[in-house]
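For reference, the structure is listed below as structure tokens.
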Number of protein chains: 2
Amino acid sequence: MSTRNNRLPAETYAAGILAGDRLLLSRAITLSESTLPSDQELSQEVLQQVLPHTGKSIRIGITGVPGVGKSSFIEVFGNYITSLPKKLAVLAIDPTSQISGGSIMGDKTRMETLSNHPLAFIRPSPAGNALGGVATHTRQALILCEAAGYEVIIIETVGVGQSETAVYHMTDFFLLLMLANAGDELQGMKRGIMEMADALVITKADGDNLNAAQTARVTYENALHLFPPSAKQWQPQALTCSAFTKAGIPEIWALVEKFYQHMQGKGLFDLHRQNQNLYWMHEIIKQTLEKQFYENTDVKRLLPNLQIDVQSGKITALSAALQLLNSLQKK
Amino acid sequence: MSTRNNRLPAETYAAGILAGDRLLLSRAITLSESTLPSDQELSQEVLQQVLPHTGKSIRIGITGVPGVGKSSFIEVFGNYITSLPKKLAVLAIDPTSQISGGSIMGDKTRMETLSNHPLAFIRPSPAGNALGGVATHTRQALILCEAAGYEVIIIETVGVGQSETAVYHMTDFFLLLMLANAGDELQGMKRGIMEMADALVITKADGDNLNAAQTARVTYENALHLFPPSAKQWQPQALTCSAFTKAGIPEIWALVEKFYQHMQGKGLFDLHRQNQNLYWMHEIIKQTLEKQFYENTDVKRLLPNLQIDVQSGKITALSAALQLLNSLQKK
């Protein structure tokens, strides 16, 4: 999407964002999503200017398989956060969407009350071909939202693809939503995701489902104790909630605050953010090197047959890798 | 380690290995670990010649933190396997060791009875600077052992570093050894490793420790049911064993056989191996690209300051990554 015709100077974006101007924030995010090199250059200038004013939010990643009730949860949890009152931004990674331009979610009924709240800012992160993938879009939007004074930033992801790992590495607190009746749901979940969670929340804990949710909570709580501790030195906890009765919502926010105090108290909060910054630098490099490699004409030509030969055990993985690597270095 | 002076033609190695000659197998593994380009070329020839005769073993990865009793377990488990009788090779990844040359483990008391068994072949995989890291050494040794007719191949790893993931991706069945009193042990364990396990075995289930081991088994068994299923469509199980009383050892082997039948029955065994081959091709490419990048003179010069700037939030991860990537492309 071109923004060529209505670009502003970097200073105008930056000043507007720092003053909390939602329209300029939206336009700066759109700019950061543009594929035009001149837009990218301008966007990097804006980011550079606001960067000293960022880093002060608490960043919460939320994931769960479709049907777990992510939108309902974020609507109710978000309304609780804005009632504190705290400024809240919600960034949603939708790997299937290429939509951009600052509109709210395609599904207009999603988070209806939250999206109309003056303290809330909701924005989808489009998929795209950015360096570092969709994560780069989302992290730039996150930086811009922080500069605009949003105190809590929720990053939502679908929980069945590759984006949870990215969200885990750009947030402070990673929250996994689960259903009480986990059997079916687990089929769609990505392995390894449970060990990333700082909190596991059983949704739909109301009515006939309440007992099952409470039982599931205890089961998961016990399981979470069996995991090796993370670098955060935080013992993940299991909770229940209902987006319908709103039970459990204040407790989830209280846990986030407890986590924040734990991280600050141990001097881990800034350290964790610093490590995340480094992680992304190396991740973007890695992804770019691989992209360049696999887009090379010789590699593209040789790869299909080599893949077949490697799969079938006709040649070793090393020998195939060397053929591909050498095809490039001969240039 | 040079093998320049006592190299044989590729056909001699290949024929010897296929005839089950342990000495030639040892020498071919040593050759594959050599850093001399001419040795590497000869080694690739040997591998290529034996490749059609490989793929028929069952490959078992075994990991656990130091103190869990890996050596004692492998000694007893290995003696059970050779008693069936089955030919068994044990490859041990020791990231701290640079030892090579076909000797058995540095610690001579390790696996004493097993290492003297005519059906057993024990070999450490040295760390090194191979393309794809230590994993490349181990995978080549694995291929050579398979060609030599070893029916079961155990790959042992320390379980606290990066090598477990590598072992997971080169074996069929991944076995995690744990102690009943998990609390302390978890400190050293890598997060995510539990979700890789096809079986979790509580060791030292004897004497005063028996009850605790049985309780731990049930706790872990319940937790394993909460994990999303893997591509293997296999429900991981928790077992107990004692290397002292030998209780539980036949049951672990029976589980491996059950797993093998499950994978064969569903047509997953070959598919899984094929995917692993592809994984390694891409992994070697990825690691080589990164190695070349970070060894570049300009990157080496720019990286330290950029890392500091990224960590401290002075510049964005994207901007630093671009500076490094551009420094290379200017050449």
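List of remarks:
- The stretch B:188-254 shape via C-alpha gyration tensor axes, a/c threshold 1.5: prolate
- For A:Ala19, inter-copy label distances in nm, listed shortest first [label point 7 Å out on the Cα-Cβ vector]: 8.8
- Above-threshold pairs, the threshold being 27 Å between Cα atoms, out of A:Lys70/A:Lys232; A:Lys87/B:Lys314; A:Lys56/A:Lys291; B:Lys86/B:Lys286; A:Lys314/B:Lys266: A:Lys56/A:Lys291; B:Lys86/B:Lys286
- Cα shape, the stretch B:275-331, gyration tensor, a/c 1.5 rule: prolate
- Least to most buried among B:Ile153, B:Ile58 (fewest other Cβ within 10 Å first): B:Ile58, B:Ile153
- A Stokes-Einstein calculation at 4 °C with viscosity 1.567 mPa s, built on the Kirkwood radius of the stretch B:1-53 over Cα pairs, returns a diffusion coefficient of 121 µm²/s.
- Label spacing, shortest first and in nm, from A:Ile308 to its equivalents in the remaining copies (7 angstrom along Cα→Cβ): 5.4
- Label points for B:Gln235 are taken 7 Å from Cα along Cα→Cβ. From this copy to the others they lie 3.0 nm apart, shortest first.
- Volume per residue of the convex hull around the Cα atoms, evaluated for chain A, comes out as 167 Å³.
- Relative contact order (percent, whole number), chain B, Cα cutoff 8 Å, 6+ residue spacing: 17 percent
- Estimated vicinal HN-Hα couplings, Hz - the stretch B:42-50 in sequence order (Karplus 6.51, -1.76, 1.60; Gly, Pro = x): 4, 4, 4, 5, 4, 4, 4, 6, 8
- Cα gyration tensor shape for the protein assembly as shown, rounded if a/c is under 1.5, else prolate or oblate: oblate
- Which of A:Ser230, B:Ser242 has the fewest Cβ neighbours within 10 Å, and the rest in rising order: A:Ser230, B:Ser242
- Label positions at B:Ala254 and A:Leu271, each projected 7 Å from the Cα along the C-beta direction, are separated by 4.8 nm.
- From least to most packed, judged by other beta carbons within 10 angstrom and beginning with the fewest, A:Val134, B:Val201, A:Val299 follow the order A:Val299, A:Val134, B:Val201.
- Using just its DSSP H runs of length 4 or more, each adding -39500 (n - 2.57), the protein assembly as shown gives a mean residue ellipticity at 222 nm of -15500 deg cm²/dmol after division by all residues.
FYI, it's all coordinate maths here, none of it is from the lab. The structure presented is a predicted model; accordingly, all values stated were derived computationally and were not measured. Virtual Cβ from ideal backbone geometry, glycine too; neighbours counted across all protein chains shown.
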